[in-house]
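Down below is the structure, laid out as C-alpha cells.
The values are calculated or read from the model by the stated rules, or taken from the named source; none is laboratory data. Given the structure is predicted, the values throughout are model-derived calculations rather than measurements. Here the Cβ positions follow ideal geometry from the backbone for every residue, glycine too, while neighbour counts run over all protein chains shown.
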C-alpha cells in the first residue's frame, strides 16, 4: 500500500515529458470530465424522456395515469404526483452520491494517486451505463437508482483527480483548473443533446440505445489512461521550486569523485559536461514554470489576492477539528447545506414548479427547455468572470454578493410571471458556479491548504447527506401544498438571506479584529526590533569605553 509521501517522491517532472503530450493529457482530462463528471445535473433534460418512456408510471392510478396526464397542448405527458416524486428521487440519489463521494475520492486520490481513480471511474461508467440500458430494455428490471449511483460515482472519480493535471503546465494552472470546472458544468448538456436527438429521431433513439452506446465513454477512459495519461502525478509547484534551486546550484558541478582523476583537462571536461546537463535541465524547468520575472509577478499577484481577501490566514495552522468548532466553519456549513438543497430542489422540480405558477404545461416546458440549455452554457460562460470576481473582492464582499444572489433568486422564483421564470433561470445558472467556487475559495483563505481537503470535503459531504431532505420537500409540495412551491421557495429565500447576511457580518467583524491584531503584532515587532538595535548600540558603546579605559 503506497503512502502519500511515497507517491509524492515518485511523482514525475513535467519538463521531462514533451509539451505536446502533456497538452494531449490535459485535453483528455477535460474531455473526460465533460462526458462523465456532471451528467447527473442534466436531469431536467432527461426527465421528459423518462416520463414518455413510462418509467415508474405504474405508480399512477387510472390505468397508469391521472386524469391530468396530458399537457394543455395535448402533446406531452404530465406525471402524477407519485411518479414525479419517484423520478425526483432518481436525481436526489445521484446528486447526493456525487457530493458525499467527494470525501472518499479525495482520500483515494491522496492515498493511491490519480491512475487508480481513473480506472475505477471507467469501470463504474461501463457498469452504470449497462445497468441503465438494461433497466430501460427490461420493464420488470428496476435498476435505475443503482445505475445512477454508479454513474455519479464514476463522474466524481474522474472529476476531482483531473485537477492534478494542472501541474502539467504550472504557468497556466489557473486556466486548466477553470477548464476542468467548466467541463463539469458543461457536462449537464449531455442529456440535453440526447433529448434533442431523441425528439429528432421520432423517439426511436431510445434511452436503452443511448446508455448502451455511452459505455464507450468508460471504455475510452480506460484505454486513454493506459496509453496516454501519466502513470503518476506531475511535480507540484513546491517540487518545481526545489528543482529550480537545485539547478541553480553551481557547486553541483563539482563532485568528490573528481579527486580520483589525475589529468586536469579530464577533470575540467567532466565538470563542463555536468554544467551542460545542469543548464539544459535548468532551461527546461524555466520554460515550464517561467523565468524569474514571471515567477515574481505571479507571487505579487498572489500576495495582492491574499491582501484583498481581508482575512487570509485567520485560521491557518490550526488542526482541522479545532477549525470545525469555529463560527467560520459552522456558518459556512449551514449556508452551503441550505443552498445545495435549494439548488438541487430547483433542478429536480423546475417544470413542476412553473406548471403550477404559470398554470400552463406549455409555458413550463419553455422554461424547462431554456434551463436545459442555460445550465451548462451559464456555467462555462461565468467561469472566467468568477475568477476575476474572487481574485479582486474581499471575502466579506464575496459573501455579500452571494447573499444578494440568494435574495434575488428567491424573490424571482416566487413570482407567477413568464419573465420572472426566465430571469430566475438566468440568475440561478450564474449563482450556482459562483457559489461552488466561492466555497472552495473561502476554505483556502480562511482554513488554509493544510486542512483544505478535510474542511471542503466535510462541507460537501454533509450537504450531500442533508440533500435527502429533498424527498420530504417533494412530498410536501405534492401533498399538503397541492403542487404550490411558493411557501418552500419563501422559506429558502428568507433562511438563505438571513444566513448569508449573518456570515457577511461575521466576516466583517472578525476580519476587522484580525487586521487590528496583525497591526498590533507588526507594531510590537517593530518596537522589539528597535529595542534590539538600541541594546546593540549600547553594548558597542560600552565596549568602546572599556577599550579607552
Tell me the residue from 100, 55 that is within 19 Å of residue 36 (Cβ to Cβ), surrounded by 20 or more Cβ atoms within 10 Å (Cβ to Cβ) and modelled with pLDDT under 90, please.
100
Unmet requirement for residue 303, which otherwise passes all of (1) modelled with pLDDT under 70; (2) touching a strand residue (DSSP E or B) at 6+ places or on another chain (Cβ under 6 Å):
(2)
Cβ-Cβ distance below 7 Å, separation of 6 or more or different chains: which pairs start in region 324-337 with a residue that is without any contact (Cβ under 8 Å) to a residue 40 or more places away in the chain and end on one that is crowded, with 18+ Cβ neighbours inside 10 Å?
326/315
Name the residue that is nearest to the chain's Cα centre (by Cα), counting only residues in region 196-212 that are in a helix (DSSP H, G or I) and exposed (fewer than 13 other Cβ atoms within 10 Å of the Cβ).
197
For region 342-360, which positions are part of a helix (DSSP H, G or I) and surrounded by fewer than 22 Cβ atoms within 10 Å (Cβ to Cβ)?
343, 346, 356
Scope region 418-455; condition without any contact (Cβ under 8 Å) to a residue 40 or more places away in the chain and surrounded by fewer than 19 Cβ atoms within 10 Å (Cβ to Cβ); matching residues:
419, 420, 423, 440, 444, 449, 452
